[in-house]
Structure formats: C-alpha cells, structure tokens
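Below is one structure, written out as structure tokens; comments come after it.
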Amino acid sequence: MNFADRTCDEIKKKQSHAVIGLDPVIERLPAFILDEAEQNYGKNDEGAAAAFIAFNRFIIDTIAPYVAIVKPQLAYYEVYGAAGIDAYWQTVNYAQQKGLIVIADAKRGDIDSTASAYARSFFGDASNEWQTPKKVDSLTINPYLGSDSLAPFVEQAIAKQTGLFILVKTSNPSSGDLQDVVTANGTIAEQVAQLVHTYAMRDIGTSGYSSIGAVVGATYPEEQRLFREAMPTSLFLVPGYGTQGGTGKDITNAFNSDGLGALISASRSIIFAYEKNKLQTREEVQLAIKSAVKAMNADINTALKDVNKLYW
C-alpha cells in the first residue's frame, strides 16, 4: 500500500494529525525508569539503552490510542553506541507492533552510492541474506548534495512502499542562512520544493498524496502557503509545534483544502510533559503525557475547523 495512502487512512482512524517525537534524554527520564535501568545494567551504554527502551514503550502504550505516527530521532540513540542503535530498532519494532507508523528522523544524504546504502539500511534489502530484516515506514533526508543524492532514496522508497520527507524549509531560527538565499530561480528552498514535486508526481496514491513528502516548519506559517501551492501532492512533516513555539494556528497553511496533507510534529512538549509539575509516579507521568497529546489534537483540530479545513 502506498505510504501516503496508509498514512492518510491511519490519520483518519485516529482523527489526529500529530506526530510524536521519541527523543529520549537520559537525565530527563522519570526516576522509576532510571532506577530500574541502573539497578539492572549500571550507568553505561547498556543502562541508557535499557532506559530508552522502557521509556519509549511506556510512551507508545500511552499515546497509541490517540495518534497514528511516531518519529524517533536517531541522534539521541547514537550517543550510546551499539546499545543505543539496538534501542532505536527495538523502539521501531515495538511501535510498529502497536500499529503506529514510524518516521526515522535521520536526515541522511550523501553521494549516490552512499545514499543507496543509507536507504537499504532504513528500508531493508530483501536480496541481502546477511541483513536482519527490518525497516522503518519513512525517513527524513537532506537535499544539499543535489538530485543524484536523492534519487537512490526515491527509487527505493517507491519500490518498497515506504516514504520520504525531504528538507525544504526547516523550523530552526537560522534556516534562512541558506534556505532563503535568492537565486535566479527563486530561493534555494523554492528550488528544492520544485525538485520534491517532480519526484512526488511519480508515486501518487488513491488518496491523492505521494510517498515523497517535504519538511516545512511550523515556525514559518506564511511560507507554508507558498510551499503548499508548490507541492500540492506531498505530505508535509511540520516540526516546530510546542516547545519551539508553534501552535495550531501556525500550521493551518500546511494543509490542503481537503483537511489533509500535513503531519504536525512535537516531541519535548509531549514526552516530557510531566516535568512542568515535577511529576514522578508512573500514574502521574502517564496522565500528564496523555493529557498533552489530547490537548495537541484538540488544538490542531480546532484551528483547522476555524479555517474550514477539518476533515472529520
């Protein structure tokens, strides 16, 4: 099934456009997670990995009824070496078992041969009998090296019915240093958007959306309108909601008039929601996270309703 079709179906079932980032930071985890990991493994890579697995499973169990998609950022796991990478893939596997779509936030990009290897590492390679079968549902990639670095990802994503989100306009404050530079053919971000649209038209599902999507930040709401017009068939992964300052009102331009087309990402404001009131018990932490997810869904849905873009 086309990645975009599958994603749209799951969004409709959950009535949620939210994507929850699974970005664990060891010193911010609840004591009931840390104490058990330290007791069993000690303070080392293996202990951190065990804590991440326990925390992520706790998060997934809490949010699975309310969201369709999670997005683990690989960097947080790479800090802890091989044990951390194993925790990453255990998280991917557990989320998929719970029916969630997994976006690997890795922002990979390199020359064509290396890009092909990156794609096989995340999307699997059935022809490689030495590789343990595993794959994510989608992957973020960096377009800075140009089209020959993107093509291997696109070819494999289409062939394996997975998805891509290509960086176009990111949410960080200094994104304009390069992305807003004006050339003879518009800004660099606009040129990337044209490239994304060209790729996207190769794989349109029955939903009207493509498996080739774009990253467009919540912190630039006016640019969202421009990029939505330039990439009408692409799903947008929209970071910057929550901790970075984005709200429901800031993301409505990322959606098409059909009420679909955008996946709104939040991490710290959800998975560490218990920190605000210094909650520590399992029940208190779970309630805080659940409440934060439900509030995010309500905020987004209310904002879409206000501009007549609410699908359900």
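The values are calculated or read from the model by the stated rules, or taken from the named source; none is laboratory data. Small disclaimer: the values here were computed from a predicted structure and weren't measured. Using ideal geometry, Cβ is built from the backbone for each residue, glycine included, and neighbour counts are taken over all protein chains shown. All accessible areas refer to the heavy atoms of the entire protein, side chains included, with ligands and DNA or RNA removed. Shrake-Rupley method; radii C 1.70, N 1.55, O 1.52, S 1.80 Å.
Side notes on the structure shown:
- Filtered residues of the stretch 23-39 (kept if open to solvent by 30 Å² or more (accessible area, probe 1.4 Å) and either at pLDDT below 95 or among the acidic types (Asp, Glu) (or both)): Glu27, Asp35, Glu36, Glu38
- For Thr243: the one exception among (1) of a type in the set (Ser, Thr, Tyr); (2) surrounded by fewer than 18 Cβ atoms within 10 Å (Cβ to Cβ); (3) within 25 Å of Leu139 (Cβ to Cβ); (4) more than 16 Å from the chain's Cα centre (by Cα): (4)
- Within the span defined as the stretch 272-288, every residue fails to be open to solvent by less than 60 Å² (accessible area, probe 1.4 Å) and in contact with a strand residue (DSSP E or B) (Cβ under 9 Å, 6 or more places away or on another chain).
- The test for being closer than 26 Å to Ser121 by Cα, open to solvent by 70 Å² or more (accessible area, probe 1.4 Å) and under 17 Å from the mean Cα position of the chain (by Cα) holds for Lys107.
- Residues being closer than 11 Å to Lys309 by Cα and open to solvent by 10 Å² or more (accessible area, probe 1.4 Å) - total across the stretch 246-259: 5
- One residue alone among Tyr80, Tyr76, Tyr94 is at pLDDT 95 or above, under 25 Å from Gln280 (Cβ atoms), open to solvent by 80 Å² or more (accessible area, probe 1.4 Å) and of a type outside the set (Lys, Arg), and that residue is Tyr76.
- Residues satisfying the stated conditions in the stretch 178-204, i.e. among the polar types (S, T, N, Q) and either part of a helix (DSSP H, G or I) or under 20 Å from the mean Cα position of the chain (by Cα) (or both): Gln179, Gln191, Gln194, Thr198
- For the criterion of being of a type in the set (A, V, I, L, M) and either modelled with pLDDT under 95 or in contact with a Phe, Trp or Tyr (Cβ under 8 Å, 6 or more places away or on another chain) (or both), Ala54 fails.
- Qualifying position, being outside any helix (DSSP H, G or I) and either surrounded by 19 or more Cβ atoms within 10 Å (Cβ to Cβ) or touching a strand residue (DSSP E or B) at 6+ places or on another chain (Cβ under 6 Å) (or both), among Ile20, Ile11: Ile20
- Where helices (runs of 4 or more DSSP H) fall wholly inside the stretch 218-312, the ranges with 2 or more residues that are without any contact (Cβ under 8 Å) to a residue 40 or more places away in the chain are 221-230, 282-306.
- From Ala184, Ala159, residue being closer than 29 Å to Trp89 by Cβ and without any contact (Cβ under 8 Å) to a residue 12 or more places away in the chain: Ala159
- Scanning the stretch 189-212 for residues that are open to solvent by less than 60 Å² (accessible area, probe 1.4 Å) and either more than 11 Å from Phe227 (Cα to Cα) or modelled with pLDDT under 95 (or both) yields Leu195, Tyr199, Ala200, Asp203, Gly205, Ser207, Gly208, Tyr209, Ser210, Ser211, Ile212.
- When Pro152, Pro173 are screened for being open to solvent by less than 60 Å² (accessible area, probe 1.4 Å) and either among the hydroxyl-bearing types (Ser, Thr, Tyr) or more than 20 Å from Val19 (Cα to Cα) (or both), only Pro152 passes.
- Counting the residues of the stretch 227-240 that are in contact with a helix residue (DSSP H, G or I) (Cβ under 9 Å, 6 or more places away or on another chain), under 22 Å from Arg6 (Cβ atoms) and open to solvent by less than 30 Å² (accessible area, probe 1.4 Å) gives 7.
- Some residue of the stretch 44-60 being under 24 Å from Ala157 (Cα atoms) and in contact (Cβ under 8 Å) with a residue 40 or more places away in the chain: no
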